[in-house]
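Since the structure comes first, as structure tokens, the remarks are kept for the end.
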Amino acid sequence: METVFITSTLLLATLFLVSNYMVQGIGGMAKPLRQVGLFLLNKAPAGLIDLFSDKPGSGTKTWMRFGMAWFILATISMFLGIWHRYDPSALNSLSSIGWEYDDGSMLSDYTSIFFSTALNYLLIGAALVSVSRSSKGRLASEASASMIAVLITASTAVVLITPAIFSFLTLENEAALLETLRNISLLLIGSFLHIALLINVFITIGEREHDTLSPTTWFLVLALVAKIASMHLLFFGQLLDSTQTAWMAERVLTGWVPLALIFAVAYHVIPFSAGKPVWSESLFKVNLLFLFVTIPPFYMTSADAGELLQNLGAILMTMGLLPILAGSFNMLATSRSNAASIVKSPGAFAATCAMLLLPLFAVGGFFTAMDTFVGMDKLGSMAFTVDSGFMYTIGSLMMLAALFSSYPLVAEKQLAKASNAQLAVWFTVVAGVTSTIASLMGDFVEQSVTSLEIEDVIAPSGGFFLVSAALFYPIVLASILAALSMIHTGRPNNANAVSTATQSDIDSYSLVEGSTTIRTLLGRGVGIDTQLHIGAVEEDEGGSMVIEVSAQLHNDEVTEHPVPEELVMLAKFLRQSKQTVVEFFTSIDLDSSGEIDGFEFQKALASAEIANLPPWEMSRLVEAVDIDGNGRINLPELEIKLIIIGNSLPENEEE
């Protein structure tokens, strides 16, 4: 049997067992394993982990901060790489410290490491935000997550600086030593670090408040499992000189894992910002299932195999377009359900643009990857250009989505410099597409001249690469703008997102002659810090006049809170069914505690056929009703909100 069949069977069996564990659990062993896992996360390695904070959100913020630093390095190195294609001698002065730029291969390798590390940090960090928010608002061990982030950067840095160190030493078999060190640091050590992170995620989702697993959780867990397994397969495949094992592992690391992480972030950012559930559960299942049983059309290498394997690989690569198209369409349809909110949010806008452009790069990648896979090489270096364009356009947009949407959530802050964030998204969209097109034109000219087989003729493609480098530069600026926005978002003097969500946006109210109640004040949006003016007539500095209205409230500049559509539908449902709020609340208070949580509220809305929202979207409704900010809804809070909504509704449908 071909080695690739054995490798793929083992990999799929591992993914199936993990999926079954996530759905069915492991019975009575769950609690002991959880205790062992927590002990390992919180105590090992002794002394080192004590250096890191275990405050909620500290681990995910560490992941995203490291990712931002790698992101800037990646964009700068990619700009230099494109410029090097225009002028191969531009960086020769750095050869004195061991950087060999004769053909640009080392720069390409380092750029790949920079970008893959940045993508790993930011997308995993954003997915961890979603997982932790559905599980008591924190990871099982924030300190362990921070420590893993630091160790991954340390192991990657060792690989990057070793060539410069070796250049000052006289060693035999230097290339072999470098390759061995790289495999140990990036693959073997990296896989064990990701195992610790996976244990952290498993314990976290085991403490979730609802039985339902979000799409982000599915993609994150399967991406981590696939990455860990493929890193081991690649290490031992190269060690044992098994080319088919190494080829399969590379397809997983460069295809399955980045796409799964991209969709993990998209399935969190877009529905959260739109305030709507995922448009189609069926498309989500197609997206999830077929992604891990097909071959993605990116970063393909030639298959050293027989005709049967080549035909089978071509079929799987063709089917590899299906999950990409399904996921992209599903997210675009979800965005369309509330386009206004998507456009206002820089993170959601970046993710939506990524989903819009992803099918274009996938189709282009299919043709260039197929040319490489079958060994025709009629398209020259176009496959590399399309793959780079995919990563630096789609990947960069998704990393911006993580920075502009997930980081403010975990930092519990409002996004600072939102205009700069929006500009960074536009820079990335325009620069990514135009730079890729310019590079493709240069590749086409080079390939056309090469195919003529005329000696002493140099392809006039340098101008295209120069234009491509210039067009790519805005992505470098976008990464810097994103870093500035991230820094300002996390500053202590930035607006706190939690407090602004629970406090009133009404600065002052005027009370005139008459009487009212505290419930009426709260119902009208007055907060505990709202300034009350008592008097018959009042004139402010701007000359606006408050006219006396008996027993009423008045405010010249009232900003109304947006009322969720589901609450309006609930108010209509109670009116049509002639139920009181007390009767409705009693029927959904399953544990008779006098308060209901998001799960009970979710079931009530679903049974009333008002809305079937996923668990991770219920926090929006709970916050809209929850006056005291304890995360639960009591009867007075629900009654106040529904009375306000009911008073604003017409008496009958015709009105």
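Structure summary
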| read-out | value |
| --- | --- |
| Residues that are part of a helix (DSSP H, G or I) and touching a Leu at 6+ places or on another chain (Cβ under 9 Å), drawn from the range 271-282 | Phe272 |
| Enumeration of residues in the range 123-149 that are over 17 Å from Leu222 (Cα atoms) and not hydroxyl-bearing (Ser, Thr, Tyr) | Arg133, Lys136, Gly137, Arg138, Leu139, Ala140, Glu142, Ala143, Ala145, Met147, Ile148, Ala149 |
| Residue list for the range 235-249, filter: closer than 19 Å to Gly313 by Cα and part of a helix (DSSP H, G or I) | Thr243, Gln244, Thr245, Ala246, Trp247, Met248, Ala249 |
| Every residue from the range 321-367 that is farther than 30 Å from Gln414 by Cα, touching a Ser or Thr at 6+ places or on another chain (Cβ under 9 Å) and small (Gly, Ala, Ser) | Ala326, Ala362, Gly364 |
| Residues of the range 39-64 satisfying the condition of being surrounded by 20 or more Cβ atoms within 10 Å (Cβ to Cβ), closer than 22 Å to Ala411 by Cα and out of contact with any Gly (no Cβ under 7 Å at 6 or more places or on another chain) | Phe52, Gly57, Gly59, Lys61, Thr62 |
| Qualifying residue in the range 603-610 (condition: touching a Leu at 6+ places or on another chain (Cβ under 9 Å), surrounded by 18 or more Cβ atoms within 10 Å (Cβ to Cβ) and either closer than 14 Å to Val625 by Cα or at pLDDT below 75 (or both)) | no |
| Residue in the range 238-245 that is of a type in the set (A, V, I, L, M) and over 18 Å from Phe16 (Cα atoms) present | yes |
| Hits in the range 56-67 (condition: modelled with pLDDT of 90 or more and more than 12 Å from Ala126 (Cα to Cα)) | Ser58, Phe66 |
| Where a residue in the range 108-123 is assigned by TED's automatic domain parsing to the domain that holds Leu80 and its partner, wherever it lies, is surrounded by fewer than 22 Cβ atoms within 10 Å (Cβ to Cβ) and of a type in the set (A, V, I, L, M), with Cβ under 6 Å and at least six apart | Phe114/Leu73 |
| Test: Leu452 is at pLDDT 90 or above and surrounded by fewer than 17 Cβ atoms within 10 Å (Cβ to Cβ) | no |
| From Ile189, Ile205, residue being farther than 16 Å from Ala264 by Cα and among the β-branched types (Val, Ile, Thr) | Ile189 |
| Residue match in the range 203-214 (condition: part of a helix (DSSP H, G or I) and either more than 30 Å from Ala140 (Cα to Cα) or at pLDDT 90 or above (or both)) | no |
| Gly37 being at positive phi and not charged (D, E, K, R) | no |
| Only one of Ile596, Ile644 that is of a type outside the set (Asp, Glu), touching an Asp or Glu at 6+ places or on another chain (Cβ under 6 Å) and touching a residue at least 12 places away in the same chain (Cβ under 8 Å) | Ile596 |
| Search result, residues across the range 627-655 that are modelled with pLDDT of 80 or more and part of a helix (DSSP H, G or I) | Leu635, Pro636, Glu637, Leu638, Glu639, Ile640, Lys641, Leu642, Ile643, Ile644, Ile645 |
| All positions within the range 581-602 that are among the hydroxyl-bearing types (Ser, Thr, Tyr) and at pLDDT below 80 | Ser592, Ser593 |
| Complete set of residues in the range 301-349 that are touching a Lys or Arg at 6+ places or on another chain (Cβ under 8 Å) and at pLDDT 90 or above | Thr334 |
| Selection from the range 603-626 of residues that are assigned to a helix (DSSP H, G or I) and either aromatic (Phe, Trp, Tyr) or touching a residue at least 40 places away in the same chain (Cβ under 8 Å) (or both) | Pro615, Trp616, Glu617, Ser619, Arg620, Leu621, Glu623, Ala624, Val625 |
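The values are calculated or read from the model by the stated rules, or taken from the named source; none is laboratory data. None of these values were measured; they are calculated from a predicted model. Using ideal geometry, Cβ is built from the backbone for each residue, glycine included, and neighbour counts are taken over all protein chains shown.
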